[in-house]
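Data first, discussion second: the structure below is written as structure tokens.
Read the figures in this text as sums done on the coordinates, not as results from a lab. Everything quoted here is computed from the prediction, not taken from an experiment. When we count neighbours, we look across all protein chains shown, and the Cβ atoms used for this are built from the backbone with ideal geometry, even at glycine.
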Amino acid sequence: MPIPLSERTRRVSALLLNEPERSRIEQRLVAETSEDIPMWHEYTPEGLERIRFSVLKLIAQGPKNENIAFNHATMDWRDLFMSAGFAECATEHERWYETITQKMANKAVVATAGNVPRSLRSGRSISAVPHF
């Protein structure tokens, strides 16, 4: 039975991919990275995040990586983790998630700062805000 995506996986997908690609990739994640992952141990939406984040990270690096990422996920996820940079530490994908969501939040703040009334702005200019 297919295992749904976690909320965090949906958020990563929304941050990294545009429609209609996002919907297609999310459907493929559910279909291909569920209970059929060989030698995997945690078949829950959250338990599959390391695999699913790895796939999403590689796809975001270039569309040619899509089939490679899914093949690694279904054949030998250790290769997938190596390619995504999640092999050294079992929680590296969680740190990556926090990093990308924070960067996107910072970009959203910078993008909307132009709509803040001048009286509420700090003395700091928008250009002084670091970009990621």
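Going Cα to Cα from LYS103, which aspartates and glutamates come in below 20 Å? Please leave out same-chain ones fewer than 8 positions away.
Output for LYS103: GLU7, GLU49, GLU92, GLU94.
So for the range 1-94, Kirkwood radius off the Cα pairs, Stokes-Einstein at 37 °C and 0.692 mPa s: how many µm² s⁻¹? Walk me through the intermediate numbers first.
Details: Rh = 12.9 Å.
It comes out at roughly 255 µm²/s.
Which value, in debye to the nearest 20, describes the size of the charge dipole of the range 1-108 about its Cα centre when Lys and Arg Cβ atoms bear +1, Asp and Glu Cβ atoms bear -1, and nothing else is charged? Provide the component values of the computation, followed by the final result.
Details: 14 positive and 17 negative charges, 97 e Å.
Around 460 debye, computed over the range 1-108.
Rounded to whole Å, give me the distance from the Cα center of the range 76-95 to that of the range 1-67.
Centre-to-centre distance over Cα atoms comes out at 14 Å.
What is the extension gain from GLN102 to ARG22, computed as 0.36 nm multiplied by their sequence separation minus the C-alpha to C-alpha distance, in nm to one decimal?
On the way: separation 80, 0.36 × 80 = 28.80 nm, distance 2.05 nm.
Stretched out fully, the GLN102 to ARG22 stretch lengthens by 26.7 nm.
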